Each structure stands twice: as structure tokens, then as C-alpha cells.
Amino acid sequence: MRDLGGLWSDLTDLVLPSGCAGCAERTPGLRQGFCPCCVGELAALIPAPTRPDPSPPGLPPCVALGPYAGALRAGLLAYKERGRHGLARPLGALLAEVVAAAVGTAGPVTLVPVPDTARAARARYGDHLDRLTRHAAARLRAAGWPVRVLHPLRALPRPDSVALDSAGRAAAADAAFRLRRPGRAGVAGSLVLLDDIVTTGATLAAVSRVLHAAGMTPKAAAVLAATQKRRHQ
């Protein structure tokens, strides 16, 4: 599915004074996105299964583009925390590759992004994952996949996960999501959860459990990056 020429076009579509989102280099004439070196780093990533250890109950099979490091980590931070919303297009295209790898064969797919809380969406001037999902869906449709995007859940206020341990994340995630309306939504084909980063898997597992209870069982979860567990020396 990968079209490196198309990927490069996506990564370099608008002129901005900012440096490369991956390495911050200010190459003369650099267009929005990533420098050629970082494009090569991203293009070399191959979606692969990933699973937190321990794995929370209810977590569906999870596929990630790569580890939360290097140009991928820097690009996500630039997009989410530094307001470089133009990166939604190239990052969404990369997320489409992960969906394709998670499903396996082209066919109808329903994408369900993990929703932002209202507070997070205000801080980021919109739901960051919803933007990624729109571009991922567009890339999949262009490749011939029938795609539907659903938003069956709403996110409730919850504490900042950075300050929580794994048990705290799980407890917060369990109370964090509610169905917008009762009943089964119109799922076509494989249902795939989308998120940008997986750490403990608590959020994806909680979303999966809510959907499963409503008769919508995810086939897989697709994420851009997976954090790596540090090994104590």
C-alpha cells in the first residue's frame, strides 16, 4: 500500500517557518513536515503487532507503526503539543498503513477513534485524533477500501494519566467513556480502534469493553507509536 512518492508529497505540502518536525533542522526551503532524512526514517517503519506487558483485560490485538522514539515521537509531539496541525495529513496517511496491516486484506472497515475529552480538544483546537482519522480514512478510500468512521463514544473528564501508575490509569480509563446513545451503531466489516500512542493499553481496553458491551467488538487497534518499557539495570 505504501507510495513513497505520495508520502513525500504529504509530508511536504505547505510552507512554514518551522523546522523539520522530526529533527528541528531548518533546512533552506524546507516545506511543512519532515526533512528527507526523517522521511526516510518514517518510511522505513513497518507496522507490527505490539502488546503491553502486563496486558489489560479486553485489549484487542494491537498493531503499531513503530516505537515512540525518533522522528515519529518528535512528529507526534509537534502535532499534538505544538500546534502543527498540518501534520495530521502525513501522520494520518501513516496511520492508514497500520489499519491495513491490522486488518490484513482490503475490505469494509469501520474506524472508531478514541475520543478526546472536551478540555483536551479545547487545548489542542480540536480533537487531534479525529483529524488523523479523517486523513487515514481518505487514504484508505483512495486505495479502494470501503471505510466508515463512527464516533459512538464520548470522553468524560479524567485525571492526567502522566501522574498515574498502571493501576491508576486502568481505574481512570474504566470511568472515562460512555456511549453517546444506546443500541448498536452501523458497523460495516472490521471494526478498528484508533489511537496515536499505546502505553499500558488501559485506554484502548476500556474503549473496547464499552463497545463490546454494546455489541460492537473491535477486531484490532491501530496506533502510530508504542512506548517501550524501560528495563531496570
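Kindly state which helices (runs of 4 or more DSSP H) lie completely within the stretch 108-211 and contain at least 2 residues that are at pLDDT 95 or above.
Values: elements: 118-123, 128-142, 166-174.
Correct list: 128-142.
So which residues in the stretch 44-80 are assigned to a helix (DSSP H, G or I) and touching a residue at least 24 places away in the same chain (Cβ under 8 Å)?
Applying the first criterion (assigned to a helix (DSSP H, G or I)) to the stretch 44-80 yields 70-80.
Scanning the stretch 44-80 gives GLY70, ALA71, LEU72, ARG73, ALA74, GLY75, LEU76, ALA78, TYR79, LYS80.
The values are calculated or read from the model by the stated rules, or taken from the named source; none is laboratory data. These figures come from a predicted structure and were not determined experimentally. When we count neighbours, we look across all protein chains shown, and the Cβ atoms used for this are built from the backbone with ideal geometry, even at glycine.
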